[in-house]
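The values are calculated or read from the model by the stated rules, or taken from the named source; none is laboratory data. Just so we're clear, the structure is a prediction, and the values are computed from it rather than from any experiment. Every residue, glycine as well, gets a Cβ built from its backbone with ideal geometry; the counts of neighbours run over all protein chains shown. With ligands, DNA and RNA removed, areas are computed over all heavy atoms of the protein, side chains included. Shrake-Rupley method; radii C 1.70, N 1.55, O 1.52, S 1.80 Å.
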Amino acid sequence: QLLPLPLACYPGSFELLPECLPYSTVEELVTMVPAGTGEDRSFCFVSHVDVCYDGLVVRSGEPLTFISVVERRGRRAAHCIMDGEQEQVSLHIPLSCHGEFYECLEEQSYSLSQLLASPQLCSRRVRLCNPQGQSRGTLLLHPVYEIQAIMHLRKNLVKIPSTLEVDLIDVTEQCRDVTFISPLSLSEILSQPHDAFPTLSEILEGPESQPLFKCEWLPALRKGNHLLIHGALHSKMVLASTVAGKKPKRYFLILQSYGGRFRRRPREFHTVYDLSVAASKNAGMKVTVSKYCESLDEDIPALSIGDQLEVLDQSQVDGSCLGKEPGLVCNRVSDECDDDDDEDCEQISLPMYLEGNFLEKISDHTKYSIRDICEKFSLPLDVKVVVRDPSLENDLLGTFSTLRLEEITLEPTVLASVPAAPEDCFHLPAKWINMSVSFTKDPLPWEKNKAPVLKQQSLIEVTDNFYYDFRKLTVSDTAPPPRPPKRRTSSSTVPEKTKGLAKVLPLPSVGTIPPRLAKLTITENPPRLCPSPVRITVRVVSVNV
(Lines give C-alpha, C1' and ligand atoms only; values in the text may rest on other atoms or scores of the structure.)
Protein backbone atom coordinates (compact mmCIF):
# COMPACT_ATOMS: atom_id res chain seq x y z
CA GLN A 1 0.00 0.00 0.00
CA LEU A 2 1.34 3.41 -1.01
CA LEU A 3 1.36 5.97 1.81
CA PRO A 4 2.40 9.54 0.83
CA LEU A 5 4.43 11.24 3.57
CA PRO A 6 5.12 14.99 3.24
CA LEU A 7 8.76 15.70 3.93
CA ALA A 8 8.52 19.16 5.52
CA CYS A 9 5.66 18.77 7.97
CA TYR A 10 5.46 15.07 8.87
CA PRO A 11 5.76 14.91 12.72
CA GLY A 12 6.46 11.19 13.19
CA SER A 13 9.77 9.47 13.95
CA PHE A 14 11.03 6.06 12.78
CA GLU A 15 13.25 3.24 14.00
CA LEU A 16 15.26 0.85 11.86
CA LEU A 17 14.39 -2.82 11.51
CA PRO A 18 17.07 -5.55 11.29
CA GLU A 19 17.85 -7.03 7.92
CA CYS A 20 16.50 -10.51 7.26
CA LEU A 21 19.59 -11.73 5.33
CA PRO A 22 23.16 -11.48 6.65
CA TYR A 23 25.96 -9.51 5.01
CA SER A 24 28.38 -11.92 3.28
CA THR A 25 31.55 -9.78 3.52
CA VAL A 26 32.91 -7.10 5.80
CA GLU A 27 33.06 -4.71 2.83
CA GLU A 28 29.33 -5.16 2.18
CA LEU A 29 28.63 -4.60 5.88
CA VAL A 30 30.70 -1.39 5.99
CA THR A 31 29.15 -0.08 2.77
CA MET A 32 25.49 -0.81 3.51
CA VAL A 33 25.20 -0.17 7.23
CA PRO A 34 24.51 3.51 8.02
CA ALA A 35 27.33 5.07 10.05
CA GLY A 36 27.34 8.09 12.31
CA THR A 37 27.96 11.64 11.18
CA GLY A 38 31.24 13.57 11.36
CA GLU A 39 34.23 11.82 12.90
CA ASP A 40 32.09 9.29 14.81
CA ARG A 41 31.16 6.64 12.22
CA SER A 42 31.16 3.65 14.56
CA PHE A 43 28.52 0.91 14.76
CA CYS A 44 28.29 -2.58 16.28
CA PHE A 45 27.92 -5.92 14.49
CA VAL A 46 28.24 -9.64 15.21
CA SER A 47 29.26 -12.69 13.23
CA HIS A 48 27.29 -15.95 13.21
CA VAL A 49 30.45 -17.95 12.50
CA ASP A 50 33.90 -17.89 14.09
CA VAL A 51 36.38 -15.52 12.43
CA CYS A 52 40.12 -16.20 12.72
CA TYR A 53 42.63 -13.49 11.81
CA ASP A 54 46.16 -12.65 13.03
CA GLY A 55 46.05 -15.46 15.56
CA LEU A 56 42.87 -14.12 17.12
CA VAL A 57 39.54 -15.89 17.09
CA VAL A 58 36.30 -13.92 17.12
CA ARG A 59 33.60 -16.20 18.44
CA SER A 60 30.15 -16.21 16.90
CA GLY A 61 27.77 -13.76 18.59
CA GLU A 62 30.60 -11.72 20.11
CA PRO A 63 29.97 -7.98 19.41
CA LEU A 64 32.50 -5.95 17.46
CA THR A 65 32.64 -2.16 17.11
CA PHE A 66 33.57 -0.80 13.70
CA ILE A 67 35.77 2.32 13.90
CA SER A 68 37.02 3.15 10.39
CA VAL A 69 38.51 1.79 7.17
CA VAL A 70 42.31 1.85 7.07
CA GLU A 71 45.16 0.65 4.82
CA ARG A 72 47.10 -2.28 6.31
CA ARG A 73 49.84 -4.20 4.49
CA GLY A 74 48.65 -2.84 1.17
CA ARG A 75 45.08 -3.93 1.70
CA ARG A 76 42.03 -2.13 2.98
CA ALA A 77 40.81 -3.36 6.34
CA ALA A 78 38.13 -2.55 8.88
CA HIS A 79 39.56 -1.23 12.13
CA CYS A 80 37.40 -2.83 14.85
CA ILE A 81 37.50 -3.08 18.64
CA MET A 82 36.51 -6.19 20.59
CA ASP A 83 35.84 -6.15 24.34
CA GLY A 84 38.17 -8.71 25.99
CA GLU A 85 38.06 -10.13 29.50
CA GLN A 86 40.41 -7.48 30.88
CA GLU A 87 40.87 -4.89 28.14
CA GLN A 88 39.73 -3.93 24.65
CA VAL A 89 41.45 -5.63 21.72
CA SER A 90 42.05 -3.82 18.42
CA LEU A 91 41.50 -5.81 15.24
CA HIS A 92 42.08 -5.12 11.56
CA ILE A 93 39.78 -7.38 9.57
CA PRO A 94 40.24 -7.32 5.77
CA LEU A 95 37.21 -6.05 3.87
CA SER A 96 37.33 -9.18 1.74
CA CYS A 97 36.75 -11.43 4.77
CA HIS A 98 33.73 -13.68 4.24
CA GLY A 99 31.20 -14.72 6.82
CA GLU A 100 27.67 -14.06 8.08
CA PHE A 101 27.53 -10.62 9.65
CA TYR A 102 24.54 -8.90 11.26
CA GLU A 103 24.16 -5.34 12.46
CA CYS A 104 23.42 -4.70 16.12
CA LEU A 105 20.59 -2.17 16.13
CA GLU A 106 20.48 0.53 18.77
CA GLU A 107 17.40 2.15 20.21
CA GLN A 108 17.60 5.28 18.09
CA SER A 109 14.83 7.10 16.26
CA TYR A 110 15.12 9.12 13.03
CA SER A 111 13.00 11.81 11.47
CA LEU A 112 11.80 11.52 7.91
CA SER A 113 14.31 14.17 6.79
CA GLN A 114 17.19 12.25 8.37
CA LEU A 115 16.16 9.03 6.65
CA LEU A 116 15.97 10.68 3.23
CA ALA A 117 19.28 12.51 3.71
CA SER A 118 21.25 9.22 4.03
CA PRO A 119 21.35 6.75 1.12
CA GLN A 120 21.97 3.85 3.56
CA LEU A 121 19.05 4.77 5.83
CA CYS A 122 16.70 5.46 2.96
CA SER A 123 17.08 1.90 1.65
CA ARG A 124 16.32 0.26 5.02
CA ARG A 125 13.04 -1.02 6.37
CA VAL A 126 11.64 1.22 9.11
CA ARG A 127 8.82 1.27 11.59
CA LEU A 128 6.86 4.17 13.12
CA CYS A 129 7.70 4.98 16.75
CA ASN A 130 4.65 7.18 17.41
CA PRO A 131 2.11 6.14 14.81
CA GLN A 132 -0.69 8.48 15.99
CA GLY A 133 -3.40 6.20 14.71
CA GLN A 134 -1.43 4.85 11.76
CA SER A 135 -0.31 1.24 11.29
CA ARG A 136 2.91 0.06 12.99
CA GLY A 137 3.76 -2.18 10.07
CA THR A 138 7.00 -2.25 8.14
CA LEU A 139 7.60 0.68 5.78
CA LEU A 140 9.87 0.95 2.75
CA LEU A 141 10.70 4.52 1.74
CA HIS A 142 10.63 5.45 -1.94
CA PRO A 143 11.44 9.18 -2.14
CA VAL A 144 10.33 11.12 -5.21
CA TYR A 145 12.91 13.73 -6.16
CA GLU A 146 12.77 16.57 -8.67
CA ILE A 147 15.80 17.46 -10.75
CA GLN A 148 16.08 21.08 -11.88
CA ALA A 149 18.06 21.65 -15.05
CA ILE A 150 18.58 24.24 -17.75
CA MET A 151 18.40 23.53 -21.44
CA HIS A 152 20.19 25.11 -24.33
CA LEU A 153 18.23 28.11 -25.72
CA ARG A 154 15.74 27.93 -22.85
CA LYS A 155 15.47 30.48 -20.07
CA ASN A 156 13.09 28.58 -17.78
CA LEU A 157 14.18 25.76 -15.48
CA VAL A 158 13.21 22.26 -16.58
CA LYS A 159 11.88 20.14 -13.69
CA ILE A 160 12.32 16.38 -14.11
CA PRO A 161 10.66 14.12 -11.49
CA SER A 162 12.49 10.98 -10.43
CA THR A 163 9.44 8.90 -11.35
CA LEU A 164 9.88 9.77 -15.03
CA GLU A 165 11.24 6.76 -16.89
CA VAL A 166 13.89 8.23 -19.18
CA ASP A 167 17.39 7.19 -20.17
CA LEU A 168 20.09 9.78 -19.47
CA ILE A 169 23.57 9.77 -20.99
CA ASP A 170 26.42 11.80 -19.54
CA VAL A 171 27.85 13.84 -22.45
CA THR A 172 29.91 16.27 -20.38
CA GLU A 173 33.20 15.32 -21.99
CA GLN A 174 31.83 15.47 -25.54
CA CYS A 175 30.06 18.84 -25.06
CA ARG A 176 32.61 20.89 -23.16
CA ASP A 177 32.64 23.50 -25.95
CA VAL A 178 28.86 24.00 -25.82
CA THR A 179 27.81 27.30 -24.23
CA PHE A 180 24.39 27.38 -22.69
CA ILE A 181 22.57 30.47 -23.95
CA SER A 182 19.97 32.22 -21.81
CA PRO A 183 17.42 34.06 -23.98
CA LEU A 184 16.43 37.57 -22.89
CA SER A 185 13.22 39.36 -23.80
CA LEU A 186 13.15 43.14 -24.27
CA SER A 187 11.58 43.53 -20.83
CA GLU A 188 14.44 41.54 -19.29
CA ILE A 189 17.00 43.70 -21.09
CA LEU A 190 15.55 46.72 -19.26
CA SER A 191 16.65 45.21 -15.94
CA GLN A 192 20.27 44.67 -17.04
CA PRO A 193 22.95 46.90 -15.42
CA HIS A 194 24.09 49.98 -17.31
CA ASP A 195 27.65 48.72 -17.67
CA ALA A 196 26.34 45.80 -19.78
CA PHE A 197 25.86 48.17 -22.75
CA PRO A 198 26.73 48.61 -25.53
CA THR A 199 26.85 44.96 -26.56
CA LEU A 200 26.22 42.77 -29.55
CA SER A 201 23.35 40.30 -29.46
CA GLU A 202 21.88 37.61 -31.68
CA ILE A 203 18.15 37.46 -32.36
CA LEU A 204 16.81 34.06 -31.29
CA GLU A 205 13.12 34.73 -31.97
CA GLY A 206 11.80 37.59 -34.09
CA PRO A 207 8.54 39.52 -33.61
CA GLU A 208 5.18 38.00 -34.46
CA SER A 209 4.00 37.68 -38.04
CA GLN A 210 1.53 40.59 -37.73
CA PRO A 211 3.72 43.44 -36.47
CA LEU A 212 2.34 46.53 -34.77
CA PHE A 213 4.86 48.89 -36.38
CA LYS A 214 5.56 50.19 -39.89
CA CYS A 215 9.28 50.99 -39.72
CA GLU A 216 12.37 50.54 -41.86
CA TRP A 217 14.15 48.60 -39.11
CA LEU A 218 11.40 45.96 -38.80
CA PRO A 219 12.84 43.60 -41.51
CA ALA A 220 16.16 43.54 -39.60
CA LEU A 221 14.49 41.86 -36.59
CA ARG A 222 14.73 38.36 -38.01
CA LYS A 223 16.00 35.18 -36.40
CA GLY A 224 19.75 34.83 -36.73
CA ASN A 225 20.47 38.52 -37.38
CA HIS A 226 22.71 40.50 -35.05
CA LEU A 227 21.57 43.56 -33.14
CA LEU A 228 23.68 46.20 -31.43
CA ILE A 229 22.07 47.21 -28.12
CA HIS A 230 23.13 50.61 -26.77
CA GLY A 231 20.99 50.79 -23.63
CA ALA A 232 17.56 50.78 -22.04
CA LEU A 233 15.55 53.87 -21.20
CA HIS A 234 12.04 55.28 -20.73
CA SER A 235 11.00 57.43 -23.70
CA LYS A 236 8.30 60.09 -23.63
CA MET A 237 6.12 59.87 -26.75
CA VAL A 238 2.98 61.47 -28.17
CA LEU A 239 0.39 59.35 -29.94
CA ALA A 240 -0.77 61.18 -33.10
CA SER A 241 -3.26 60.35 -35.83
CA THR A 242 -4.34 61.86 -39.11
CA VAL A 243 -7.82 63.30 -39.53
CA ALA A 244 -10.34 61.00 -41.19
CA GLY A 245 -10.93 61.75 -44.84
CA LYS A 246 -10.84 60.02 -48.19
CA LYS A 247 -7.56 58.28 -47.32
CA PRO A 248 -7.33 55.79 -44.43
CA LYS A 249 -6.14 57.12 -41.09
CA ARG A 250 -2.50 56.71 -40.11
CA TYR A 251 -1.00 56.66 -36.64
CA PHE A 252 2.39 57.74 -35.27
CA LEU A 253 4.43 57.85 -32.09
CA ILE A 254 6.34 61.17 -31.95
CA LEU A 255 9.36 61.21 -29.65
CA GLN A 256 10.65 64.28 -27.80
CA SER A 257 13.68 64.38 -30.10
CA TYR A 258 11.49 65.28 -33.10
CA GLY A 259 12.98 68.44 -34.64
CA GLY A 260 9.96 69.73 -36.55
CA ARG A 261 7.69 72.65 -35.63
CA PHE A 262 3.90 72.66 -35.29
CA ARG A 263 1.20 75.28 -35.56
CA ARG A 264 -2.20 74.91 -33.97
CA ARG A 265 -5.20 74.07 -36.14
CA PRO A 266 -8.87 74.72 -35.27
CA ARG A 267 -10.65 71.72 -33.84
CA GLU A 268 -14.14 70.65 -34.89
CA PHE A 269 -16.74 69.43 -32.39
CA HIS A 270 -19.91 67.58 -33.35
CA THR A 271 -21.86 67.85 -30.08
CA VAL A 272 -22.18 70.37 -27.27
CA TYR A 273 -20.81 67.70 -24.96
CA ASP A 274 -17.55 67.47 -26.96
CA LEU A 275 -17.35 71.25 -26.90
CA SER A 276 -17.85 71.25 -23.13
CA VAL A 277 -15.03 68.70 -22.57
CA ALA A 278 -12.59 70.78 -24.63
CA ALA A 279 -13.68 74.05 -23.01
CA SER A 280 -13.07 72.64 -19.53
CA LYS A 281 -9.35 72.49 -20.43
CA ASN A 282 -9.25 75.80 -22.31
CA ALA A 283 -11.03 78.72 -20.63
CA GLY A 284 -12.71 81.30 -22.87
CA MET A 285 -12.95 79.05 -25.90
CA LYS A 286 -14.71 80.53 -28.92
CA VAL A 287 -16.27 78.56 -31.75
CA THR A 288 -18.19 79.21 -34.95
CA VAL A 289 -21.34 77.30 -35.87
CA SER A 290 -20.79 75.68 -39.28
CA LYS A 291 -24.05 73.72 -39.50
CA TYR A 292 -27.63 74.62 -38.70
CA CYS A 293 -28.88 72.78 -35.62
CA GLU A 294 -31.96 72.87 -33.43
CA SER A 295 -33.10 71.11 -30.28
CA LEU A 296 -36.07 68.87 -29.63
CA ASP A 297 -37.39 71.51 -27.27
CA GLU A 298 -38.95 74.67 -28.68
CA ASP A 299 -37.53 76.74 -25.80
CA ILE A 300 -33.94 75.91 -26.79
CA PRO A 301 -32.78 78.40 -29.43
CA ALA A 302 -31.72 77.12 -32.83
CA LEU A 303 -28.21 77.86 -34.08
CA SER A 304 -27.62 79.23 -37.57
CA ILE A 305 -24.54 78.94 -39.73
CA GLY A 306 -22.03 81.64 -38.82
CA ASP A 307 -23.13 82.19 -35.21
CA GLN A 308 -20.22 82.90 -32.87
CA LEU A 309 -20.24 81.21 -29.45
CA GLU A 310 -18.08 81.99 -26.43
CA VAL A 311 -18.20 79.20 -23.84
CA LEU A 312 -18.85 80.51 -20.30
CA ASP A 313 -19.87 77.75 -17.90
CA GLN A 314 -21.96 74.63 -17.39
CA SER A 315 -25.47 74.89 -15.98
CA GLN A 316 -28.91 73.27 -15.96
CA VAL A 317 -31.12 73.78 -19.01
CA ASP A 318 -34.82 74.08 -18.18
CA GLY A 319 -36.93 73.12 -21.17
CA SER A 320 -40.72 73.04 -21.38
CA CYS A 321 -40.89 69.39 -22.34
CA LEU A 322 -37.44 68.09 -21.43
CA GLY A 323 -37.21 69.02 -17.78
CA LYS A 324 -33.87 70.02 -16.25
CA GLU A 325 -30.92 68.75 -18.26
CA PRO A 326 -27.16 69.52 -18.04
CA GLY A 327 -26.20 72.23 -20.45
CA LEU A 328 -23.54 74.71 -21.51
CA VAL A 329 -23.87 78.49 -21.08
CA CYS A 330 -22.51 80.51 -24.01
CA ASN A 331 -22.52 84.04 -25.35
CA ARG A 332 -23.93 84.05 -28.88
CA VAL A 333 -23.12 86.66 -31.48
CA SER A 334 -24.90 86.30 -34.80
CA ASP A 335 -22.98 86.39 -38.04
CA GLU A 336 -24.46 89.82 -38.92
CA CYS A 337 -23.22 91.49 -35.71
CA ASP A 338 -19.78 92.76 -34.83
CA ASP A 339 -17.76 90.50 -32.50
CA ASP A 340 -16.75 93.52 -30.36
CA ASP A 341 -20.28 94.77 -29.82
CA ASP A 342 -21.25 93.51 -26.34
CA GLU A 343 -24.82 94.81 -26.66
CA ASP A 344 -25.60 92.34 -29.42
CA CYS A 345 -24.40 89.35 -27.34
CA GLU A 346 -27.08 86.92 -26.22
CA GLN A 347 -26.52 84.48 -23.38
CA ILE A 348 -27.97 81.08 -24.19
CA SER A 349 -27.93 77.61 -22.62
CA LEU A 350 -27.44 74.58 -24.88
CA PRO A 351 -28.18 70.98 -23.83
CA MET A 352 -25.24 68.57 -23.87
CA TYR A 353 -26.91 66.20 -26.32
CA LEU A 354 -27.37 68.87 -29.00
CA GLU A 355 -25.66 67.86 -32.24
CA GLY A 356 -24.02 70.26 -34.67
CA ASN A 357 -20.72 71.43 -36.11
CA PHE A 358 -18.67 73.82 -33.98
CA LEU A 359 -15.34 75.07 -35.39
CA GLU A 360 -12.79 76.41 -32.92
CA LYS A 361 -11.59 80.01 -33.40
CA ILE A 362 -7.86 80.43 -32.77
CA SER A 363 -5.54 83.36 -33.42
CA ASP A 364 -2.32 81.66 -32.29
CA HIS A 365 0.28 81.51 -35.09
CA THR A 366 3.23 80.49 -32.91
CA LYS A 367 5.43 77.62 -34.03
CA TYR A 368 5.80 75.03 -31.28
CA SER A 369 8.12 72.08 -30.79
CA ILE A 370 6.72 68.80 -29.53
CA ARG A 371 8.26 69.52 -26.10
CA ASP A 372 6.52 72.91 -25.94
CA ILE A 373 3.16 71.39 -26.82
CA CYS A 374 3.49 68.75 -24.08
CA GLU A 375 4.32 71.45 -21.51
CA LYS A 376 1.84 74.21 -22.46
CA PHE A 377 -1.26 72.45 -23.79
CA SER A 378 -3.55 69.64 -22.76
CA LEU A 379 -4.32 66.99 -25.35
CA PRO A 380 -6.06 66.22 -27.66
CA LEU A 381 -4.89 69.05 -29.92
CA ASP A 382 -5.04 69.56 -33.69
CA VAL A 383 -1.81 70.79 -35.30
CA LYS A 384 -0.05 71.08 -38.64
CA VAL A 385 3.66 70.63 -39.33
CA VAL A 386 4.98 73.94 -40.70
CA VAL A 387 8.70 73.09 -40.36
CA ARG A 388 9.78 69.54 -41.08
CA ASP A 389 12.42 67.67 -39.10
CA PRO A 390 15.72 68.22 -40.98
CA SER A 391 17.20 65.00 -39.58
CA LEU A 392 14.60 62.89 -41.43
CA GLU A 393 15.02 62.17 -45.11
CA ASN A 394 11.28 61.84 -45.54
CA ASP A 395 9.25 63.49 -42.76
CA LEU A 396 5.83 61.92 -43.18
CA LEU A 397 4.16 64.30 -40.72
CA GLY A 398 4.72 67.22 -43.11
CA THR A 399 2.53 65.64 -45.78
CA PHE A 400 -0.72 65.88 -43.77
CA SER A 401 -2.87 68.97 -43.51
CA THR A 402 -3.96 68.20 -39.94
CA LEU A 403 -2.61 65.95 -37.21
CA ARG A 404 -4.39 65.17 -33.97
CA LEU A 405 -2.08 64.82 -30.98
CA GLU A 406 -4.11 62.51 -28.76
CA GLU A 407 -2.15 61.41 -25.71
CA ILE A 408 1.25 61.51 -24.01
CA THR A 409 2.74 58.17 -22.98
CA LEU A 410 5.96 57.04 -21.29
CA GLU A 411 7.18 53.82 -22.91
CA PRO A 412 10.11 51.62 -21.79
CA THR A 413 12.30 51.14 -24.87
CA VAL A 414 15.53 49.43 -25.88
CA LEU A 415 17.87 51.63 -27.93
CA ALA A 416 19.34 49.48 -30.72
CA SER A 417 20.89 49.61 -34.18
CA VAL A 418 22.19 47.19 -36.81
CA PRO A 419 25.96 46.50 -36.91
CA ALA A 420 26.17 47.82 -40.47
CA ALA A 421 25.03 51.30 -39.31
CA PRO A 422 25.76 51.47 -35.57
CA GLU A 423 25.12 55.23 -35.32
CA ASP A 424 21.53 55.09 -36.66
CA CYS A 425 19.59 54.07 -33.54
CA PHE A 426 15.94 53.17 -33.21
CA HIS A 427 13.68 52.57 -30.23
CA LEU A 428 12.15 49.13 -29.59
CA PRO A 429 9.09 49.50 -27.31
CA ALA A 430 9.50 46.64 -24.85
CA LYS A 431 5.78 46.24 -24.11
CA TRP A 432 4.76 45.94 -27.75
CA ILE A 433 7.46 43.76 -29.35
CA ASN A 434 7.69 40.08 -28.38
CA MET A 435 11.17 38.88 -29.30
CA SER A 436 14.18 37.29 -27.59
CA VAL A 437 17.91 37.83 -28.00
CA SER A 438 21.11 36.51 -26.44
CA PHE A 439 24.19 38.57 -25.63
CA THR A 440 27.33 37.53 -27.50
CA LYS A 441 30.99 38.15 -26.76
CA ASP A 442 31.75 39.43 -30.27
CA PRO A 443 33.70 42.71 -30.47
CA LEU A 444 31.86 45.98 -31.11
CA PRO A 445 31.89 47.26 -34.72
CA TRP A 446 34.17 50.23 -33.95
CA GLU A 447 37.66 50.82 -32.66
CA LYS A 448 38.28 51.12 -28.94
CA ASN A 449 37.48 54.56 -27.47
CA LYS A 450 36.05 55.67 -30.84
CA ALA A 451 32.33 55.14 -30.35
CA PRO A 452 30.19 56.89 -33.00
CA VAL A 453 27.80 59.76 -32.27
CA LEU A 454 24.33 58.23 -32.02
CA LYS A 455 21.37 59.53 -34.04
CA GLN A 456 18.16 58.54 -32.30
CA GLN A 457 14.94 57.87 -34.17
CA SER A 458 12.28 60.54 -33.59
CA LEU A 459 9.24 59.13 -35.39
CA ILE A 460 7.61 55.67 -35.32
CA GLU A 461 4.65 54.79 -37.52
CA VAL A 462 2.27 52.25 -35.97
CA THR A 463 -0.60 50.19 -37.31
CA ASP A 464 -4.27 50.54 -36.49
CA ASN A 465 -4.01 47.34 -34.39
CA PHE A 466 -1.47 49.08 -32.16
CA TYR A 467 -3.75 52.11 -31.90
CA TYR A 468 -6.78 50.09 -30.82
CA ASP A 469 -4.75 47.99 -28.34
CA PHE A 470 -3.24 51.18 -26.92
CA ARG A 471 -6.70 52.70 -26.53
CA LYS A 472 -7.89 49.63 -24.61
CA LEU A 473 -5.12 50.19 -22.05
CA THR A 474 -5.71 53.93 -21.73
CA VAL A 475 -9.51 54.00 -21.65
CA SER A 476 -10.72 56.71 -19.28
CA ASP A 477 -13.35 56.43 -16.56
CA THR A 478 -15.24 59.52 -17.71
CA ALA A 479 -19.00 59.23 -18.11
CA PRO A 480 -20.34 58.77 -21.66
CA PRO A 481 -22.07 61.73 -23.36
CA PRO A 482 -25.74 62.18 -22.42
CA ARG A 483 -28.41 60.75 -24.67
CA PRO A 484 -31.23 62.94 -25.94
CA PRO A 485 -34.29 62.54 -23.68
CA LYS A 486 -37.60 61.30 -25.00
CA ARG A 487 -40.26 63.90 -25.73
CA ARG A 488 -43.14 64.03 -23.28
CA THR A 489 -46.51 64.35 -24.98
CA SER A 490 -48.70 67.16 -23.69
CA SER A 491 -52.08 68.43 -24.67
CA SER A 492 -50.71 71.95 -24.87
CA THR A 493 -48.32 71.01 -27.67
CA VAL A 494 -50.92 69.29 -29.88
CA PRO A 495 -51.81 71.57 -32.82
CA GLU A 496 -55.38 72.31 -33.81
CA LYS A 497 -57.22 70.49 -36.54
CA THR A 498 -56.32 71.63 -39.99
CA LYS A 499 -58.90 72.41 -42.60
CA GLY A 500 -58.26 69.11 -44.35
CA LEU A 501 -58.12 65.66 -42.95
CA ALA A 502 -54.76 65.73 -41.09
CA LYS A 503 -52.93 67.12 -38.06
CA VAL A 504 -49.47 68.42 -39.06
CA LEU A 505 -46.46 68.89 -36.78
CA PRO A 506 -45.22 72.50 -36.32
CA LEU A 507 -42.79 73.60 -39.05
CA PRO A 508 -39.91 76.06 -38.72
CA SER A 509 -39.92 79.42 -40.42
CA VAL A 510 -39.93 79.50 -44.21
CA GLY A 511 -36.52 79.75 -45.81
CA THR A 512 -34.56 77.90 -43.13
CA ILE A 513 -36.20 74.49 -43.42
CA PRO A 514 -34.19 71.71 -45.02
CA PRO A 515 -35.99 68.75 -46.63
CA ARG A 516 -37.32 66.51 -43.82
CA LEU A 517 -40.01 64.01 -42.92
CA ALA A 518 -43.34 65.07 -41.44
CA LYS A 519 -46.04 62.87 -39.88
CA LEU A 520 -49.74 63.39 -40.64
CA THR A 521 -52.63 61.70 -38.86
CA ILE A 522 -56.04 61.31 -40.53
CA THR A 523 -58.65 62.44 -38.00
CA GLU A 524 -61.87 62.31 -40.07
CA ASN A 525 -63.14 59.27 -41.88
CA PRO A 526 -64.40 60.11 -45.35
CA PRO A 527 -66.16 56.97 -46.57
CA ARG A 528 -64.71 57.38 -50.04
CA LEU A 529 -61.08 57.38 -48.77
CA CYS A 530 -60.77 54.71 -46.14
CA PRO A 531 -62.96 52.83 -43.67
CA SER A 532 -60.73 53.51 -40.57
CA PRO A 533 -58.15 56.08 -39.35
CA VAL A 534 -54.65 55.65 -40.78
CA ARG A 535 -51.20 57.27 -40.20
CA ILE A 536 -49.06 58.20 -43.19
CA THR A 537 -45.59 59.75 -43.58
CA VAL A 538 -44.73 62.33 -46.23
CA ARG A 539 -41.53 64.20 -47.16
CA VAL A 540 -41.83 68.00 -47.07
CA VAL A 541 -39.72 69.52 -49.82
CA SER A 542 -40.79 73.19 -49.71
CA VAL A 543 -43.39 75.46 -48.19
CA ASN A 544 -45.18 78.10 -50.27
CA VAL A 545 -46.85 81.07 -48.61
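Brief remarks follow.
- Percent accessible area from carbon and sulfur atoms, segment 204-325, protein chains only, probe 1.4 Å: 47
- Residue by residue, segment 72-79 carries 3J(HN,Hα) couplings of 9, 6, x, 10, 7, 9, 8, 7 Hz when phi is fed to the Karplus relation 6.51 cos²θ - 1.76 cosθ + 1.60 (θ = phi - 60°); x denotes Gly or Pro.
- Protection proxy ranking, highest mean first, for peptides 263-274, 56-67, 139-150: 263-274, 56-67, 139-150, where packing is the per-residue count of other beta-carbon atoms within 10 Å, averaged.
- Exceedance of the 24 Å cut-off in Cα-Cα distance is limited, within the set Lys236/Lys431; Lys246/Lys286; Lys223/Lys441; Lys214/Lys431, to Lys246/Lys286.
- Rg over Rh for segment 146-197 works out to 1.10, both radii taken from alpha-carbon positions and Rh defined as the Kirkwood radius.
- Spatial offset of segment 400-472 relative to segment 134-203 amounts to 32 Å, using the alpha carbon center of each.
- Remark on Ser235: its backbone amide H falls under 5 Å from those of Glu411, Thr413, a criterion applied only to residues 5 or more positions apart or on other chains, H modelled at 1.01 Å from N.
- Fraction in percent of alpha-carbon pairs per bin - 5 Å, segment 179-307: 2, 6, 10, 13, 13, 11, 8, 7, 7, 7, 5, 4, 4, 2, 1, 0, 0
- Solvent-accessible area per residue, Å², over segment 184-305 with all protein chains present [probe radius 1.4 Å]: 51
- Magnitude of the charge dipole, segment 236-289, Cβ model with Lys/Arg +1 and Asp/Glu -1, debye to 20: 300
- Less than 5 angstrom separates the built amide H of Arg72 from those of Ala77, all sequence-distant by 5 or more or on a different chain.
- Percent carbon-and-sulfur accessible area, segment 73-186, ignoring ligands, DNA and RNA, probe 1.4 Å: 50
- Around the amide H of Ser315, modelled in the peptide plane, lie the amide H atoms of Gly327, Leu328, Val329, all under 5 Å away and 5 or more residues distant in sequence or on another chain.
- Linear extension gain, Glu62 paired with Asp195, 0.36 nm per residue minus alpha-carbon span: 40.7 nm
- In the context of the full set of protein chains, residues of segment 11-120 present 60 Å² of accessible surface per residue (probe radius 1.4 Å, heavy atoms only).
- DSSP bridge pairs, segment 61-148: antiparallel proportion in percent, nearest 5: 100
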